[in-house]
Amino acid sequence: MKDSLLLQHPFRFYFLKDWKSFGSGIWALFFTGLFDAFPPYLIGKGIDLIIHSSSFNQVSQSFFFILLLLIITTLCLGLFRYLWRIFWGRFNHNVAEDLRNRVFSKFLDLSPQYYRTHSIGELMSLITNDVNSFRMAIGPGTLVLADALIALFIIPPLMISLSWSWTWKCLILMPVVPFLIAIILKKISQFYRQQQDEF
């Protein structure tokens, strides 16, 4: 059952296999995105406070409170950014190690006749280049996708709370982006497949 899941849905297989590292990495990434969105907001509030205040005494208490929040937010951002790198790196390398061991174990079970009729270079590519390509897809690739989705749920609501008119002006071309990405990804996939075949 596990082997069939690995062959049919390899991403799901490894997400379930090492769910602790994967889940911890996702949560750390979520809080990284959350704390990353607030420094510009706090800096903007501080600037508005200075501009619209008539005296230093009126500014000082609120300004230093904003400054304290900015320091705490920055420290939390650094902490969670460190944590997602640890958890995601662990997940990433565990996947590569497990898959490489599985391929190597399969090689050990094959008969000498198999090696006489198949290119050794191609087999070596499976255990090095192809495994690394899968690691990059399930590691950095999934990470970038998750980071983009998290930003999508955090940043637009924050922008809307500041100014609805500026938000729609900034995001008016966003519906076009998925179509452009689809075209680019199709081209990248074609070139990548060609490169892999040549390799």
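The values are calculated or read from the model by the stated rules, or taken from the named source; none is laboratory data. No experiment lies behind these values; they were computed from the predicted model shown. Ligands, DNA and RNA are stripped out before the accessible areas are found, and what is left, the full protein with its side chains, is counted by its heavy atoms. Shrake-Rupley method; radii C 1.70, N 1.55, O 1.52, S 1.80 Å.
Assorted remarks:
- Cα shape, the range 19-90, gyration tensor, a/c 1.5 rule: prolate
- Centre-to-centre separation between the Cα atoms of the range 86-119 and those of the range 131-152: 22 Å.
- Using C-alpha pairs below 8 Å separated by at least 6 residues, the relative contact order for the chain is 25 percent.
- Cα gyration tensor shape for the range 73-195, rounded if a/c is under 1.5, else prolate or oblate: oblate
- Between 0 and 90 degrees, the angle of helix 56-109 with respect to the longest Cα principal axis of the chain falls at about 0 degrees.
- Heavy atoms of residue 161: accessible area, 1.4 Å probe, square angstrom to 10: 80 Å²
- For residue 177, the accessible surface of its heavy atoms amounts to roughly 50 Å² (probe 1.4 Å, protein chains only, rounded to the nearest 10).
- Residue-averaged [θ]222 nm for the chain, counting only DSSP H segments that reach four residues, each worth -39500 (n - 2.57): -29000 deg cm²/dmol
- Per residue, the chain exposes 72 Å² of accessible surface when a 1.4 Å probe is rolled over the protein heavy atoms with every protein chain present.
- Using a Gaussian network model of the chain in which every pair of alpha carbons under 10 angstrom is joined by a spring, one finds that among 163, 119, 189 the greatest mean-square fluctuation is at 189.
- For the chain, the carbon plus sulfur part of the accessible surface works out to 70%, probe radius 1.4 Å.
- Within the straight-line cut-off of under 23 Å between alpha carbons, the lysines reachable from residue 17 are 2, 106, sequence neighbours fewer than 8 places apart in one chain being disregarded.
- Residue of 116, 90, 102 that the Gaussian network model of the chain assigns the largest fluctuation, springs spanning Cα pairs under 10 Å: 116
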